[in-house]
Amino acid sequence: MNHFEYRNGVLHAEDVPLTRIAEEVGTPAYVYSRATLTRHYTVFADAFAKAGLDATICYAVKANSNLAVIALLGRLGAGADVVSEGELRRALAAGIPPERIVFSGVGKTESELRFALETGIHEINVESESELHLLSKVASGLGQVAEIAIRINPDVDAKTHEKISTGKKENKFGIDIDKADAIYALAASLPGIKPVSVAVHIGSQLTDLEPYRQAFRRVADLVDRLRAAGHGIVRVDLGGGLGIPYDTEEPPLPDAYAAMAASEIARLNCPVMLEPGRMIVGNAGILLSRALVVKPGETKHFLVLDAAMNDLIRPALYNGHHGIRPVAEAAADAALQPVDVVGPICESGDTFAKGRMLPPIAEGDLVAFGSAGAYGAVMASTYNSRLLVPEVMVDGDRFDVVRARQTYDALIGMDSIPDWLHTDGSGETREPRRIGATG
Ligand SMILES: *Cc1c(COP(=O)(O)O)cnc(C)c1O
């Protein structure tokens, strides 16, 4: 359930008509609903409480790393799952206490590990033998003992898109479950490291509980073996990945997911950590865009928007489906036509939807892409030197810009022209010319 609905013929975010946001902030713009974010987090957390598990929910920051989103979830009690120093810094800046932060990721640098240890985060999820040795060295150097989980690759097929499947043997993530016992023995023998947990994360946009059940069962069996071998495994990390309805998918409800997790894990009698990302933020956001050009073709129409693949890359990257609705509600009897909805970028891949059945949309009309709260703004780039789009959060009848639209100075000002490319040969450093700058 979300809070993007038509009222009096105009699509609203909570109590705010999207026309108002377009007027004040411009387009394209991401719009998030505080009420939906709150609801999704609460439903998820309640499901685990009802299932009788002592669960810490570490929101996977990579799904949407806007400080306002992280801060809102933090206030509701969430921790953070981060995969880089940048995300760790964002989580801290948003007020997540270090003791609720988990650091995942298949390739962490020495300086990232040092920063994480100095910050005193809750746990580092180690994904390779090399990382184990590196972390041991860094932690020992700091005189610390790092509490770790080892991320296990349970070799189950998550039955999701190949680019977001992570729990099969052929994926780059985690350590093969067959090698897990040996790796824990190694970890326990190294200075500066204490293995206390087992972690899994088998993929994203899962719409079926069965792969989870298999993975959790393998985790529980592994914990039994590790405990029998003398390891003090005091918690488990079950990862994220629960899917959302983009189109016609019917992913399991959080209650069913939590009940299944409890049925596999409760006997371990220990706290669990969860790392949901998409499930919390995906349907709590839309991308608001304006139609620039309507291009009638022989066989089909093209609708060229002011949003492009650099703003929302999921369709190009994963064939991701996003619902597209006109902000002005179409008449109930409006005839639908097949339309290719595209962006202005010089790539044929800059296509949001092919042959989508849409009511008439005219040049200048506003449209909203649904389910754009996760893996939307965070994946944006400036390809074609387009500005990073702003993000807005709505709360009831008010809204705030939670990330300003990038400026052209910020976009161009990171570049510099080397002295030896200046034609006068003076060797003097010169500022690149800025738009609007004098001289
Ligand atoms: C991406 C990721 C998540 C979150 O996945 P969602 O599908 O957004 O829930 C959780 N844990 C890890 C380790 C991840 O890489």
Of D237, D255, the only residue that is more than 16 Å from the ligand (Cβ to nearest atom) and either in contact with a helix residue (DSSP H, G or I) (Cβ under 9 Å, 6 or more places away or on another chain) or under 30 Å from N2 (Cβ atoms) (or both) is D255
Open item on the list: Scan region 299-322 and tell me whether some residue there is away from the ligand (no atom under 16 Å from the Cβ) and in a helix (DSSP H, G or I).
Closed with: yes
Q: Inspect all residues belonging to region 327-339 and state whether any of them is surrounded by 17 or more Cβ atoms within 10 Å (Cβ to Cβ), in contact with a strand residue (DSSP E or B) (Cβ under 8 Å, 6 or more places away or on another chain) and assigned to a loop (DSSP other than H, G, I, E, B).
A: yes
Within region 136-181, residues among the polar types (S, T, N, Q) and either farther than 25 Å from G241 by Cα or surrounded by fewer than 21 Cβ atoms within 10 Å (Cβ to Cβ) (or both) come out as S136, S140, Q144, N171
Note: among T56, T42, T27, just one is touching a Leu at 6+ places or on another chain (Cβ under 8 Å), polar (S, T, N, Q) and farther than 30 Å from E123 by Cα, namely T27
Take A262 and tell me if it is more than 16 Å from the ligand (Cβ to nearest atom), within 30 Å of I175 (Cβ to Cβ), open to solvent by 10 Å² or more (accessible area, probe 1.4 Å) and among the hydrophobic types (A, V, I, L, M, F, W, C).
yes
How many residues of region 35-54 are more than 14 Å from the ligand (Cβ to nearest atom) and open to solvent by 10 Å² or more (accessible area, probe 1.4 Å)? The answer is 13
- Given the structure, is P191 away from the ligand (no atom under 14 Å from the Cβ) and either open to solvent by 20 Å² or more (accessible area, probe 1.4 Å) or not aromatic (F, W, Y) (or both)? yes
Of R325, R278, the only residue that is more than 16 Å from the ligand (Cβ to nearest atom) and either in the same structural domain as C346 (by TED's automatic domain parsing) or at pLDDT 95 or above (or both) is R325
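The values are calculated or read from the model by the stated rules, or taken from the named source; none is laboratory data. Everything numeric in this text was worked out from a predicted model, so none of it was measured. Note that each Cβ is placed from the backbone with ideal geometry, even for glycine, and that neighbours are counted across all protein chains shown. Accessible surface is based on the protein model in full, side chains and every heavy atom, while ligands, DNA and RNA are left aside. Shrake-Rupley method; radii C 1.70, N 1.55, O 1.52, S 1.80 Å.
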